[in-house]
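*Asks:* Sharing a structure with you now.
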Amino acid sequence: MTDANCLFCKIIAGKIPSRKVHEDDHVFAFHDIAPWAPVHFLIIPKLHIPSMAHLAPEHAGLMGHMMTLAPKLAQQEGCNPYPDGGFRIVVNNGAEGGQEVHHLHMHVMGGPRPWLRG
């Protein structure tokens, strides 16, 4: 299921260019256009899910895939390994939670520490 008006669905379909990090049958990952950190990319499901609040039990495998893929891609993109290195995962939910694009997405951010806030 996709949403013809969704920015991220258009990126997945190749209608809007992106700097791809990873793609498989379930997810698409690409660099953020306004990075907050030296490494900053998004992991999004190919299935259009508007937000975390819309997840259902049948999405558990998809979310597990996204979470286990994040460390691999973070290191691939330049984050140093744990424990000295690392990365941050942020998922905004809804307008009051700072979500700007209403397609579930996970920000993965890392690199040298001066970027880290709060």
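All of the numbers you see were taken from the coordinates with simple rules; none came from a lab. Everything numeric here is computed off the predicted structure, so don't read it as measured data. Counting neighbours? That spans all protein chains shown, and the Cβs are built from the backbone with ideal geometry, glycine included.
*Asks:* Among the residues that make up the stretch 85-96, is at least one of them in a helix (DSSP H, G or I), in contact (Cβ under 8 Å) with a residue 12 or more places away in the chain and surrounded by fewer than 16 Cβ atoms within 10 Å (Cβ to Cβ)? First the steps, then the outcome.
*Replies:* Filtering the stretch 85-96 for residues in a helix (DSSP H, G or I) gives 95-96.
Next cut, in contact (Cβ under 8 Å) with a residue 12 or more places away in the chain only: none.
Within the stretch 85-96, none of the residues are in a helix (DSSP H, G or I), in contact (Cβ under 8 Å) with a residue 12 or more places away in the chain and surrounded by fewer than 16 Cβ atoms within 10 Å (Cβ to Cβ).
*Asks:* Next question. Of everything in the stretch 78-99, what is more than 13 Å from the chain's Cα centre (by Cα) and farther than 13 Å from ALA53 by Cβ? Give them in sequence order.
*Replies:* Scanning the stretch 78-99 gives GLY78, CYS79, ASN80, PRO81, TYR82, PRO83, ASP84, GLY85, GLY86, GLY98.
*Asks:* Hey, among the residues in the stretch 100-118 that are part of a loop (DSSP other than H, G, I, E, B) and charged (D, E, K, R), which one's farthest from ILE49 (Cα to Cα)? Quick ask: steps written out before the conclusion?
*Replies:* The first filter runs over the stretch 100-118 and keeps only residues part of a loop (DSSP other than H, G, I, E, B), leaving 100-105, 111-112, 116-118.
This time we only want the ones that are charged (D, E, K, R), so: 100, 117.
Details: GLU100: 14, ARG117: 28 Å.
If we take residues in the stretch 100-118 being part of a loop (DSSP other than H, G, I, E, B) and charged (D, E, K, R), then ARG117 is farthest from ILE49 (Cα to Cα).
*Asks:* Here's something else I'd like to know. Going through the stretch 99-116 one residue at a time, which ones are under 19 Å from PHE30 (Cβ atoms) and without any contact (Cβ under 8 Å) to a residue 24 or more places away in the chain?
*Replies:* Selection gives GLU100 alone.
*Asks:* Is there a residue in the stretch 51-71 that is within 15 Å of the chain's Cα centre (by Cα), part of a loop (DSSP other than H, G, I, E, B) and under 29 Å from ARG113 (Cβ atoms)?
*Replies:* From the stretch 51-71, those within 15 Å of the chain's Cα centre (by Cα) are 51-52, 62-71; that's our starting set.
Next cut, part of a loop (DSSP other than H, G, I, E, B) only: 51.
This time we only want the ones that are under 29 Å from ARG113 (Cβ atoms), so: none.
Scanning the stretch 51-71, I find no residue that is within 15 Å of the chain's Cα centre (by Cα), part of a loop (DSSP other than H, G, I, E, B) and under 29 Å from ARG113 (Cβ atoms), so the answer is no.
*Asks:* While we're on this one: When the stretch 14-61 is examined, which residues are found to be free of Cβ contacts under 8 Å to residues at least 24 places away in the same chain, aliphatic (A, V, I, L, M) and farther than 15 Å from VAL101 by Cβ?
*Replies:* Scanning the stretch 14-61 gives ALA56, ALA60.
*Asks:* Go through the stretch 29-73 and give me each residue that's surrounded by 14 or more Cβ atoms within 10 Å (Cβ to Cβ), under 27 Å from ASP84 (Cβ atoms) and charged (D, E, K, R).
*Replies:* ASP32
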